[in-house]
Amino acid sequence: MLTVLDHPLLAVHLTALRDRSTDSAAFRRHLDAVGRLMAYPVLKALGVVPTTVATPLAEAPGWALAADPVLVPILRAGLGLVEAFLAVAPSAGVSHLGLYRDGAHRPVVYFENFPPGWAARPIVVLDPMLATGGSLAAVLGKLSRCGARDVAVAAVLAAPEGVARIEREYPAARLFVAAVDGHLNDDDFIVPGLGDAGDRQFGTP
Ligand code: PRP
């Protein structure tokens, strides 16, 4: 299910990310701001259980997370969203998942580090770009085969082709984006897009 988030500051920071004159340091700052604005709605579905806490004066009712979420940043570009999500969900685990696309644009996993029991926890996949959907479909397929059932995706910018693929193949995944752009070009880049989010964050191809 797709949710296109609507917030004026999200639109402003996304515009800065698109700007070709935004350098890597500024790109990382704007991406972090986008992540913080996305974290609240993406994490809103987290389950809580009642608890009590001792204030300096008395006992007070409160809430605790039913389960700590697992953030799954897709390397490299997803790294730029991790701190933002940890800022509001500091008890979350972080399981890095390394993916690259080979010459035929097929996603290849080169790194993963999931902790025991992770699949039973709420999962939040972090990747700023959803283009063809090939990478995200590979990630969601892996999560599904491992038994993950509660999966949200924070993808800043998407192409219609990628959204359609994910909605067709993984309709249960909750997909959050800041914008859906026009189309993919012949090199499978999102147009108008923002270029390559990994390259722009880190200044390396
Ligand atoms: C980008 C992006 C996604 C993927 C999207 O990563 O961060 O992971 O491409 O493309 P798709 O929807 O067509 O699969 P990239 O492979 O460029 O790696 P990087 O993060 O290391 O730059």
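Structure data summary
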quantity: Helix axis angle, 160-169 relative to the chain longest principal axis, alpha carbon, degrees; calculated: 50
quantity: Dipole of the range 8-141, positive end: most advanced residue of 134, 111, 56 [Cβ charges, Cα centre]; calculated: 134
quantity: Förster radius 45 Å - calculated FRET efficiency between residue 21 and residue 49, Cβ distance, rounded to 0.05; calculated: 0.40
quantity: Fluctuation leader among 60, 155, 16 - the chain, Gaussian network, Cα springs under 10 angstrom; calculated: 60
quantity: Gaussian network model of the chain, Cα within-10 Å springs - most flexible of 98, 47, 35; calculated: 47
quantity: Positive-end residue, the chain charge dipole about Cα centroid, Cβ charges, pick of 202, 5, 42; calculated: 42
quantity: Carbon/sulfur fraction of accessible area - the range 34-136, other protein chains in place, 1.4 Å, %; calculated: 60
quantity: In Å², nearest 10: area of residue 4 left accessible to a 1.4 Å probe; calculated: 80
quantity: Net dipole in debye of the chain [+1 Lys, Arg Cβ; -1 Asp, Glu Cβ; about Cα centre; nearest 20]; calculated: 300
quantity: Sparse-neighbourhood loop sites, trypsin sites (Lys or Arg not before Pro) in the range 21-51 - DSSP loop, at most 12 other Cβ within 10 angstrom; calculated: 44
quantity: Mean separation of Cα contacts under 8 Å, 6 or more apart, over the residue count of the chain: relative contact order %; calculated: 23
quantity: By accessible area with a 1.4 Å probe, ligands and nucleic acids excluded, highest first: order of 170, 40; calculated: 40, 170
quantity: Ellipticity estimate at 222 nm from DSSP helix runs (n ≥ 4, -39,500 (n - 2.57)) divided over the chain, nearest 500; calculated: -10500 deg cm²/dmol
quantity: Gaussian network model of the chain, springs between alpha carbon atoms under 10 Å - residue of 87, 119, 77 with greatest fluctuation; calculated: 87
quantity: Loop-resident sites, the range 122-153, for trypsin sites (Lys or Arg not before Pro), counting at most 16 other Cβ within 10 Å (DSSP); calculated: 149
quantity: Gain upon complete extension [residue 91, residue 1; 0.36 nm per residue less C-alpha separation]; calculated: 29.8 nm
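The values are calculated or read from the model by the stated rules, or taken from the named source; none is laboratory data. Quantities reported herein were computed from a predicted structural model and do not represent experimental measurements. Counting neighbours? That spans all protein chains shown, and the Cβs are built from the backbone with ideal geometry, glycine included. The area values use the complete protein model at the heavy-atom level, side chains included, leaving out ligands, DNA and RNA. Shrake-Rupley method; radii C 1.70, N 1.55, O 1.52, S 1.80 Å.
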